[in-house]
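Let me begin by presenting the structure, written as structure tokens, before commenting on it.
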Amino acid sequence: MARIKTISEYRKDLRGRILDVAMQQFIIKGIKAVKMDDIAKSLCISKRTLYEIYKDKEDLLLEGIREKEENHDSKMAIFSEKPGITVMDILFEFFRRQVEVSRHISLSFYEDVHKYPAVMEYLSQRHDQRKANSEIFFIRGVEEGYFRSDIDYKVVMEIGDLLRSEVLAKQLYKKYNMMVVLHSFIIPFIRGFCTKKGADKLESILKKLNDIKEE
């Protein structure tokens, strides 16, 4: 005999379904275009039920982005700890994920997300937390012989932050897709602190990314 779900189990399950449906719609249509009423109708629930679980759209968006960011970091951490994996393998996996994600996200999503202060604050904090991992990554790259040992990587990270901020501030994502940004900005930037061994591997990474683009 099937076990009947308790109210708390039902709410937990419903919370997850709301999150999945909302994020899928946000990513495809943009955040502004999706109303809370649309989400409720998609799930055949009342708006009242929806607002009992998520107080507003920003609350819903924040949890969805938090879940995606944590999932991404977890998968990257697991990948980086596999035997035989190098920093260049990690770079490729990171870029591969970015290219794949960018294929499915509308420009409207990127434009709209900046209008939600709590979400932007979370993303800023997440970025700061990742800086510690970046330092470890650069040290590992030097030890593996892919990154130059005569570079101050704290300066590299600061410059990277400034350039990232400029790209976001000027909304260059409206004009250029992820592959253009990789070719014209990210890859040349990384090439600057690579050894010959690292630069050769970087070219291999770029070729594999181009192959993904053409699939």
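Scanning segment 139-153 for residues that are touching a residue at least 24 places away in the same chain (Cβ under 8 Å) and over 20 Å from HIS72 (Cβ atoms) gives GLY141, GLU144, GLY145, TYR146, PHE147, ARG148, ILE151, TYR153. Note on segment 165-179: among residues that are in a helix (DSSP H, G or I) and out of contact with any Leu (no Cβ under 9 Å at 6 or more places or on another chain), the one that is nearest to GLU100 (Cα to Cα) is MET178. LYS154 meets each of the listed conditions (1) closer than 30 Å to GLU58 by Cβ; (2) assigned to a helix (DSSP H, G or I); (3) basic (Lys, Arg) apart from (1).
Residues of segment 44-69 that are over 27 Å from ARG126 (Cα atoms) and touching a helix residue (DSSP H, G or I) at 6+ places or on another chain (Cβ under 6 Å): LYS47, LEU50. Checking each residue in segment 104-123 for being exposed (fewer than 12 other Cβ atoms within 10 Å of the Cβ) and at pLDDT below 90 picks out only HIS104.
Does at least one position in segment 136-154 carry a residue that is farther than 24 Å from MET23 by Cβ and modelled with pLDDT under 90? Before the answer, list the steps.
As a first pass, look at segment 136-154 and keep what is farther than 24 Å from MET23 by Cβ: 136-154.
Subset that is modelled with pLDDT under 90: none.
So far as segment 136-154 goes, no, none of its residues is farther than 24 Å from MET23 by Cβ and modelled with pLDDT under 90.
If the Cβ limit is 6 Å and pairs must be 6+ apart or interchain, which residue in segment 1-18 that is more than 14 Å from GLU52 (Cα to Cα) and at pLDDT 90 or above pairs with which residue that is in a helix (DSSP H, G or I) and not small (Gly, Ala, Ser)? Listed by first residue and then by second, the contacts come to nothing, as the list is empty.
Just checking, does segment 167-178 include any residue being surrounded by 13 or more Cβ atoms within 10 Å (Cβ to Cβ), modelled with pLDDT of 85 or more and either closer than 30 Å to ARG66 by Cα or of a type in the set (Phe, Trp, Tyr) (or both)? There is no residue in segment 167-178 that is surrounded by 13 or more Cβ atoms within 10 Å (Cβ to Cβ), modelled with pLDDT of 85 or more and either closer than 30 Å to ARG66 by Cα or of a type in the set (Phe, Trp, Tyr) (or both).
If the condition is being closer than 14 Å to LEU19 by Cα and not charged (D, E, K, R), then segment 45-58 contributes ILE45, THR49, LEU50, TYR51, ILE53, TYR54.
Only one of the listed residues (LEU123, LEU209) is under 23 Å from PHE26 (Cα atoms) and within 22 Å of the chain's Cα centre (by Cα). That residue is LEU123.
Scanning segment 185-196 for residues that are closer than 15 Å to PHE92 by Cβ and among the basic types (Lys, Arg) gives a single hit, ARG191. If the condition is being free of Cβ contacts under 8 Å to residues at least 60 places away in the same chain, assigned to a helix (DSSP H, G or I) and not charged (D, E, K, R), then segment 36-70 contributes MET36, ILE39, ALA40, SER42, THR49, LEU50, TYR51, ILE53, LEU60, LEU61, GLY64, ILE65. Summed over segment 132-159, residues that are loosely packed, with under 14 Cβ neighbours inside 10 Å and among the basic types (Lys, Arg) total 1. Every condition in (1) of a type outside the set (Lys, Arg); (2) assigned to a helix (DSSP H, G or I); (3) surrounded by 13 or more Cβ atoms within 10 Å (Cβ to Cβ) holds for LEU162 except the one numbered (3).
The values are calculated or read from the model by the stated rules, or taken from the named source; none is laboratory data. Owing to the predicted nature of the structure, the values given are computational and were not obtained by experimental measurement. For neighbour counting, all protein chains shown are included, and Cβ atoms are generated from backbone atoms with ideal geometry for every residue, glycine included.
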